[in-house]
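A quick write-up on the structure given underneath.
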Amino acid sequence: MEKNNETFDKVLKKAQLLGYAEPGNSKFDLNGFDAFAKVRILSALAFNNKISKNKCIMEGIENIELKDIKIANQLNLRIKLLGISQIMNNQLFETVHPCLVSKNTYIGNVNGVMNAVITEGKPVGESVLQGEGAGPGPTSSSLLSDLVSILSGNIKYPFGISSKKRKSIKPFNNNYYINSLYLRFEVKDKSGVLSSITNRLAKFKISVKRIIQTPDKKNNKATIVIITHKTSEINSKNCLSIFKKNKNILKFPNLIRLYN
């Protein structure tokens with residue numbers, strides 16, 4: 001979408017033809033489920049825990065529009081689908097959702113069909129594994145590798161250690177997940193709309209870092225983008241819920257978290 005300035009639906013059809021997305025039902029390629037399954041496996045490998053069944057934040061890319069990509073570009077940012085797993089306060093935190101990341105970062109330049117796994121440990125620091133994550137070649141290679149392992153009998157400890165030694169880790173409460181937010185509102189172009197939005201944010205102590213307002217005089221509409229300072233997940237949900245009832249807001253705001 002970013003490279004060719006094309007819509008989501010058009011690019012998806014191309015991805016299906018090239019074998020990067022399922023040709024029929026691409027639901028799991030788009031809603032974050034596929035990436036989240038990988039995150040849970042990686043968590044088990046990293047922390048010696050059992051595959052978690054915790055209810056977590058899982059969002060995909062199906063709601064990302066070309067308009068969001070263009071606005072991100074103006075801010076020197078890119079939208080990336082990130083899977084995150086870490087131990088926070090001795091609790092397991094796992095999530096998958098789109099993030100706005102700086103173009104100047106390594107993760108902001110993992111493009112095309114490339115996937116990257118970035119690990120951070122002590123005292124080794126940061127390590128990166130990168131390779132193609134989709135398409136006929138990488139998929140068949142991975143499948144063949146698994147089949148060879150099974151035929152060789154190398155399946156005793158797929159997670160490195162016995163399942164009896166893997167532990168259960170208490171889940172982190174997602175309500176306390178903290179991020180800055182990108183909020184895009186499509187609104188009627190009339191006085192008082194912006195103030196009603198900012199007043200609602202202020203009521204929940206969500207402070208505004210930046211506002212971009214683009215009028216569409218021809219259709220009496222406007223696009224309002226607000227970048228906020230950090231707030232909790234539960235606070236943002238409670239704040240944004242009221243916008244569903246605001247008749248001056250034409251659609252529920254697009255929300256993309258900024259990567260901390």
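Would you mind counting up the charge near Tyr157? Only other residues with Cβ under 13 Å from its Cβ, with Lys and Arg at +1 and Asp and Glu at -1.
Surrounding charge for Tyr157 is +4.
Relative contact order (percent) for the chain, with alpha-carbon contacts under 8 angstrom and 6 or more residues of separation?
Normalised by residue count, the contact order of the chain is 18 percent.
Give me the lysines in straight-line cross-link reach of Lys203: C-alpha distance below 25 Å, same-chain residues under 8 apart excluded.
Result set, ordered by chain and number: Lys188, Lys190, Lys230, Lys237, Lys244, Lys245, Lys247, Lys251.
Along the Cα→Cβ direction, 7 angstrom out, place labels at Ser207 and Gln16. What is the inter-label distance in nm?
Calculated label separation equals 4.7 nm.
Before rounding to the nearest 500, sum -39500 (n - 2.57) across all DSSP H runs of length at least 4 in the chain and divide by the residue total; then give [θ] at 222 nm in deg cm²/dmol.
-8500 deg cm²/dmol
Dipole size in debye (nearest 20) for the stretch 8-172 around its Cα centre, Lys and Arg Cβ +1, Asp and Glu Cβ -1?
Using Cβ point charges on Lys, Arg, Asp and Glu, the stretch 8-172 gives about 600 debye.
Pick out, in residue order, every one of the trypsin sites (Lys or Arg not before Pro) in the stretch 77-136 that is DSSP loop and has at most 12 other C-beta atoms within 10 Å; say none if there are none. Kindly include the intermediate steps, with their values, before the conclusion.
Details: sites: Arg78, Lys80, Lys103; in loops: Lys103.
In loop regions of the stretch 77-136 (DSSP not H, G, I, E or B), the sparsely surrounded trypsin sites (Lys or Arg not before Pro) are Lys103.
Any idea what the relative contact order of the stretch 179-260 is, in percent, if you count C-alpha pairs under 8 Å spaced at least 6 apart? Each step should come with its number before you reach the end.
Numbers: 141 pairs, mean separation 40.8, N = 82.
It rounds to 50 percent for the stretch 179-260.
Checking the a/c ratio against 1.5 first, then a/b against b/c, what shape does the Cα gyration tensor give for the stretch 8-172?
It is oblate, given that a/c is not under 1.5 and a/b is not larger than b/c.
Give the residue list of trypsin sites (Lys or Arg not before Pro) in the stretch 1-32 that are DSSP loop and have at most 15 other beta-carbon atoms within 10 angstrom.
Taking the stretch 1-32 and a limit of 15 other Cβ atoms within 10 Å, the loop trypsin sites (Lys or Arg not before Pro) found are Lys3.
Would you please classify the overall shape of the stretch 168-260 from the alpha carbon gyration tensor, given that a ≥ b ≥ c denote the square roots of the eigenvalues, rounded means a/c under 1.5, and beyond that prolate means a/b larger than b/c while oblate covers the rest?
Prolate, since a/c reaches 1.5 and a/b exceeds b/c.
Tell me, what is the percent relative contact order of the stretch 90-189, built from C-alpha pairs under 8 Å that lie six or more residues apart?
29
Any read-out appearing in this document is the output of simple, stated calculations on the displayed coordinates, not a laboratory observation. Since the structure is predicted, the reported quantities are computational estimates derived from the model, not experimental observations. Positions of Cβ are backbone-derived with ideal geometry, glycine not excepted, and every protein chain shown enters the neighbour counts.
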